[in-house]
Amino acid sequence: MAIPTQATANMSDPEEHVLWALMGSITTPDGDALITTEECLRKASSILTRAGYRHHPELQEIKQIIPGGMESVHWMGVGAVEWVDIDTPDPEVAPAPVSDAIDLDAMSGSDLIRLAERLQERGVIRPPEDAGPTEDVAQVRTIEVDY
């Protein structure tokens, strides 16, 4: 998932209506970012929306900015989201160069794995979900006890 922003949020989807505002914004009393999963933030967004919260852009006084742009942080934006006055200009972000210079077919398997790991670290792609065992792995044993 791309970093959820107000501009890209589907405001009619309860899971996204508030997601953009929660992303990277929840902190402890000491100001440390509270780290949680995307699933938890989506659930919180859905609960708030179902509880009646609705965003009113005409009442909005502050907005989020991501210094360095969305490409500079993980999707959660931990530590990178700043709330600023609504009239603050958005930071200028240089567009990423569009290039097909990377030839994936020419890369070795280990190079592709390293590339995937780097993309996961940046939050561009999610790690594969662990499907768990595909067969029964239960072990049954008998224990003899002397009384």
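Brief remarks on what is shown
- Unmet criterion (only one of (1) at pLDDT 85 or above; (2) of a type in the set (A, V, I, L, M, F, W, C); (3) assigned to a loop (DSSP other than H, G, I, E, B)) for V98: (1)
- Filtered residues of region 83-95 (kept if at pLDDT below 75 and over 23 Å from the mean Cα position of the chain (by Cα)): none
- Here S110 passes the criteria (1) assigned to a helix (DSSP H, G or I); (2) loosely packed, with under 13 Cβ neighbours inside 10 Å; (3) at pLDDT below 80 except the one numbered (3).
- Region 40-78, subset of a type in the set (K, R) and surrounded by 13 or more Cβ atoms within 10 Å (Cβ to Cβ), residue modelled with the lowest pLDDT: K63
- Residues located in region 7-39, provided they are in a loop (DSSP other than H, G, I, E, B), surrounded by 11 or more Cβ atoms within 10 Å (Cβ to Cβ) and modelled with pLDDT of 85 or more: A9, N10, M11, D13, V18
- Residue pairs whose Cβ atoms lie under 7 Å apart, separated by 6 or more positions or on different chains, with the first residue in region 28-46 and within 17 Å of G123 (Cβ to Cβ) and the second modelled with pLDDT of 90 or more and open to solvent by 50 Å² or more (accessible area, probe 1.4 Å), are R42/E15.
- Verdict on D136 being without any contact (Cβ under 8 Å) to a residue 40 or more places away in the chain, open to solvent by less than 90 Å² (accessible area, probe 1.4 Å), among the charged types (D, E, K, R) and over 19 Å from E38 (Cβ atoms): no
The values are calculated or read from the model by the stated rules, or taken from the named source; none is laboratory data. Just so it is clear, the structure is predicted and the values come from calculations on it, not from any experiment. With ideal geometry, Cβ positions are generated from the backbone for all residues, glycine too; neighbour counts draw on all protein chains shown. What goes into the accessible areas is simple: the full protein's heavy atoms, side chains included, and nothing from ligands, DNA or RNA. Shrake-Rupley method; radii C 1.70, N 1.55, O 1.52, S 1.80 Å.
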